[in-house]
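Reviewing the structure listed below.
The values are calculated or read from the model by the stated rules, or taken from the named source; none is laboratory data. No experiment lies behind these values; they were computed from the predicted model shown. Positions of Cβ are backbone-derived with ideal geometry, glycine not excepted, and every protein chain shown enters the neighbour counts.
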Amino acid sequence: MDGSNVRDFGLMFTTRMVIVKLSDGSLWLSSPVSVPFDTLQQITKLGIVRYLVAATPRHVWRLEAWHTLFPEAQLWAASTLFTLKKGHPPLSGTLGDTAFQGWAEDLDQLAFKGNPLIEEVVFFHKQSRTVMLDDLIQIHPTVKGKVFRNSLFKLEGVVAPNGGVGLDIRLSFTNRTLARRSLERLLSWDFDKLIIAHGMCIEKDGKEFVERAFRWLSR
């Protein structure tokens, strides 16, 4: 589900959350976004909101508003050095390489290592063969009249239709041995679809898309 755009370092970024209905009927939400009231009602009809997750440190601030709406929900976040906005919601736990037992039947996960600044956690929904990630891979369309923005995203290597891993993120991977191990585990999952936070989703051949996006890591 798409949310409103947010500004980061002077640039506008799209936002997207993922809602998973778990085997026990409860809901797992990743990187929640603002939604209209009628949409919120539709979500609550799907099941009890039990888990609110921020898989990247830069999305932790987005948990706070939803925790106000669902105070009984557990909050989980990736290991945090800094966030996009201020906010320190009460966490139930920190995300890592092992899926929490509450969602382990439906989701697998890994902490993509090798970057000392941001350790994003990637999720795999087994039944739908879908991988979910937030900032590691981005696909930004060009916008008419936004010359600086378009040029910057082109320099970053994240312009549609190909997109990829941004140059700034690539350069901040100081331990590529750990990164390659994480990539190897990611590619061991049997997935075909890819949901990303910033850009279009990949409906098929998602594994091949991820392989191309991380080709720089094998060099």
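Annotations for the structure displayed:
- So residue 173, is it touching a Phe, Trp or Tyr at 6+ places or on another chain (Cβ under 7 Å) and in contact (Cβ under 8 Å) with a residue 40 or more places away in the chain: no
- Residue under evaluation residue 23, criteria (1) modelled with pLDDT of 90 or more; (2) touching a Pro at 6+ places or on another chain (Cβ under 8 Å); (3) of a type in the set (S, T, N, Q), criterion not met: (2)
- Filtered by the rule that a residue be among the hydroxyl-bearing types (Ser, Thr, Tyr) and not in a strand (DSSP E or B), segment 128-160 gives 128, 142, 151.
- Every residue from segment 27-79 that is assigned to a strand (DSSP E or B) and not small (Gly, Ala, Ser): 27, 28, 29, 49, 50, 51, 52, 53, 74, 75, 76
- Flag if residue 195 is buried (at least 18 other Cβ atoms within 10 Å of the Cβ), in contact with a Pro (Cβ under 7 Å, 6 or more places away or on another chain) and not in a helix (DSSP H, G or I): no
- Which listed residue, of 76, 66, is within 18 Å of residue 19 (Cα to Cα), without any contact (Cβ under 8 Å) to a residue 40 or more places away in the chain and in contact with a Pro (Cβ under 9 Å, 6 or more places away or on another chain): 66
- Criterion (at pLDDT 95 or above and of a type in the set (D, E, K, R)) met by exactly one of 170, 181, 215: 181
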